[in-house]
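Colleague: What follows is a single structure, and I will ask about it in a moment.
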Ligand code: HEC
């Protein structure tokens, strides 16, 4: 794989730049970390994140999401209190770490954001096409589903990831997710696995988790939804995955589409058993 291409693909974040300057590290495109060790920048970031986590900006979005959850809104003037995230209407404790899962009412496997949008449409009367217009956080706006996912995720803090594989559709979602993960195409013949299917890969200063293995899948699940220091925005995994499709030069999947639920099932199941720390901070 030509490193020139990768250099073009990956925009170096402001934070990484600042760190590289601080540590005097020369930024090199995708390479193996020496002995599999974390980069100095990653280690620095972890220290910084620990300090930040004590007063995490993610909590502001959790609070906002809580308010949205309980407020009567939308054309049907209803709250989301009857929304079933998998454990029964309104039962949110531990729901996030068991998603994606199969929902009989929708006949589909849904991740947290997909399910929340489903509830906003069915209970509150919002239109999915309106929610899909500007689904990701920008400098001026954090879309409601982002705050809602953060609130719901916060209700699983300290619980074990346990994405189910009981229902045939859940097993199918895992298989399809795995296939999408390994599917090479596009102008550069990349797949997710090109960047996330090997140990110790790095693009410039960013460690790339090997999502095909438990440790990497945990890293990919952990900290999301996450407050991203770069740009100062709250993002969900739906955004993260879409941004990676963009980096891969693939067409971006539609908002809350099946493709994303499949990939999140693959990632989540690979991370099963690990304790989820709640919404976090990302660089
Ligand atoms: C060209 C390389 C490349 C490809 C291809 C790629 N990604 Fe990424 N991915 C990245 C980079 C760079 C990051 C950011 C790492 C960081 O900020 O530490 C990232 C981050 C992620 C994260 C968050 C990891 C974390 O530590 O929080 C997930 C999840 C992820 N990618 C999934 C995917 C999936 C699924 C695909 C396929 C649709 C994909 N990526 C394709 C480069 C890539």
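Where a number appears in this text, it was derived from the coordinates with a stated rule and is not lab data. Treat the numbers as computed from the prediction; the structure is a model and nothing was measured. Glycine gets a Cβ as well: all are built from the backbone with ideal geometry, and neighbour counts include every protein chain shown.
Colleague: Under the √(5λ) rule applied to the eigenvalues of the Cα gyration tensor, what semi-axes describe the equivalent ellipsoid of region 178-283? Give them in Å, descending. Don't jump to the answer; show the numbers that get you there.
Modeller: Working: eigenvalues 77, 53, 46 Å².
Whole-Å semi-axes of the equivalent ellipsoid: 20, 16, 15.
Colleague: I've got another one for you. At q = 0.11, 0.17 Å⁻¹, what log₁₀ I(q)/I(0) does a Debye calculation on the Cα points of region 57-282 give, no solvent, two decimals?
Modeller: Here log10 of I(q) over I(0) equals -0.51, -1.29.
Colleague: Separation between the residue 167 and residue 127 pseudo-spin-labels, each 7 Å from Cα along Cα→Cβ, expressed in nm?
Modeller: Taking the two extended label points, one gets 2.9 nm.
Colleague: Still on this model: Arranged from highest to lowest average of other beta-carbon atoms within 10 Å per residue, in what order do the peptides 241-251, 90-100, 134-144 appear?
Modeller: On the way: 241-251: 16.5, 90-100: 20.6, 134-144: 14.6.
Packing proxy ranking, top to bottom: 90-100, 241-251, 134-144.
Colleague: Let me ask something else about it. Need one number: nm distance between label points at residue 182 and residue 79, each 7 Å from Cα along Cα→Cβ, rounded to one decimal.
Modeller: Between residue 182 and residue 79, the label points sit 4.7 nm apart.
Colleague: Would you mind computing, in nm to one decimal, how far apart the modelled labels at residue 140 and residue 46 are, each placed 7 Å from Cα along Cα→Cβ?
Modeller: Result for the modelled spin labels: 4.0 nm.
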